[in-house]
Amino acid sequence: VAGGLPSNESLFIEPESVLDYELGLKSAFWSGLVQLNANLFWTEVDDYQATRMGIINGVSTQILGNIGGVRTRGVEVELTAAPIDGLTFALATSFNDATYTDYQNAPCPAERTAAPSCDLTGERLYLSPRWIANPSVSYEFDLADLTFFTNVNYAWRSKYLGSSDSSILSELDAYGVLNARLGIRGPWDDKQWSVSVWFNNAADDTYFLALARGANGEYSGQRGLPRTYGATVRVDF
């Protein structure tokens, strides 16, 4: 067995223990047209549950197990503004400094394959971008008994590690995904109906969500969805 997964590892998963500190602020300005919410957080997790990767009999294997400890700390901010009726701008953003506080017997990065296991204490937590930003704009207006609506949003992530071994080879580039929706809704007796068309990843950007290392040190990626589009018909009873 290689990559920090001992052959006698138990399949029993210990429960996580979480200690969380938060300090928040909620505010509104200009008669509620602008709202600002902010939250400082510091979270410590013992027996953190995560999928770990190792090489068993030449096969890349993922096993759910416990990591000694993880700490996340940062700030979250939400801002909304409605300058005119029907028009809303929104921004949700966060900074997250996430590290392993205790991760011994971890899978080694591909650039250190000679070691049977590594101590990744102090390294960045994988799948945890430091920065996230989600801006959006929505607009709707009424015409007779109908409501026309549209929404455009953008989901952006800074670069982050895509594999649990903290290898620099697994660092994923920052990416953003543009989504849009346009629709119409109205009453139907005592019901509500709506029809909308939508585009996800409208710019057809190529990005990866996570990586896994193979037996020969190569990394394969889980690609995000390409451009998709469609229509939705909905009736609320």
> Arg234 to Ala115: FRET efficiency via 1/(1 + (r/R0)^6), r the Cβ-Cβ distance, R0 45 Å, to the nearest 0.05?
Replying inline: 0.25
> Say each of Leu87 and Trp42 gets a label point 7 Å from the Cα, pointing the same way as Cα to Cβ; how far apart are those two points in nm?
Replying inline: 4.2
> Got a sec to turn the phi values of region 115-127 into Karplus ³J(HN,Hα) couplings, 6.51 cos²θ - 1.76 cosθ + 1.60 with θ = phi - 60°, whole Hz, x for Gly and Pro?
Replying inline: 7, x, 7, 9, 9, 9, 4, x, 7, 5, 6, 6, 6
> Tell me, what ³J(HN,Hα) does each residue in region 156-167 have, in order and in whole Hz, if you take phi through Karplus 6.51 cos²θ - 1.76 cosθ + 1.60 with θ = phi - 60° and put x for Gly and Pro?
Replying inline: 10, 10, 6, 4, 7, 7, x, 10, 6, 8, 6, 6
>> Give me the three principal axis extents of region 36-168 from the C-alpha atoms, as integers in angstrom, largest value leading.
In response: 70, 33, 23
> Can you list residues whose amide H is under 5 Å from Glu171's amide H, if they're 5+ apart or on another chain and H is modeled 1.01 Å from N?
Replying inline: Gly162
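Could you tell me the relative contact order of region 84-202? Use alpha-carbon pairs under 8 Å, at least six residues apart, and round to a whole percent.
Values: 266 pairs, mean separation 26.6, N = 119.
RCO, region 84-202: 22 percent.
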> Taking the alpha-carbon centroid of each part, what is the distance from region 99-139 to region 70-94 in angstrom?
Replying inline: 26
>> Check which residues have an amide H placed less than 5 Å from Tyr48's amide H, if you skip close sequence neighbours.
In response: Ile67, Gly69, Val70
> So what is Rg over Rh here for the chain, counting just Cα atoms and using Kirkwood for Rh?
Replying inline: 1.08
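Find the relative contact order for the chain and round it to a whole percent, using C-alpha pairs within less than 8 Å whose residues are 6+ positions apart. Before the final figure, lay out the partial values.
Working: 618 pairs, mean separation 32.9, N = 237.
Over the chain, the number comes to 14 percent.
Below 8 Å between Cα atoms, with a sequence gap of 6+, how large is the relative contact order for region 150-237 in percent? Write out the running numbers ahead of the final one.
Values: 181 pairs, mean separation 23.7, N = 88.
Taking the mean separation of contacting Cα pairs over the length of region 150-237, I get 27 percent.
Only the coordinates and a few stated rules stand behind these numbers; no lab work does. Being a predicted model, the structure only gives us computed values, none of them experimental. Cβ: placed from backbone, ideal geometry, glycine included. Neighbour counts: every protein chain shown.
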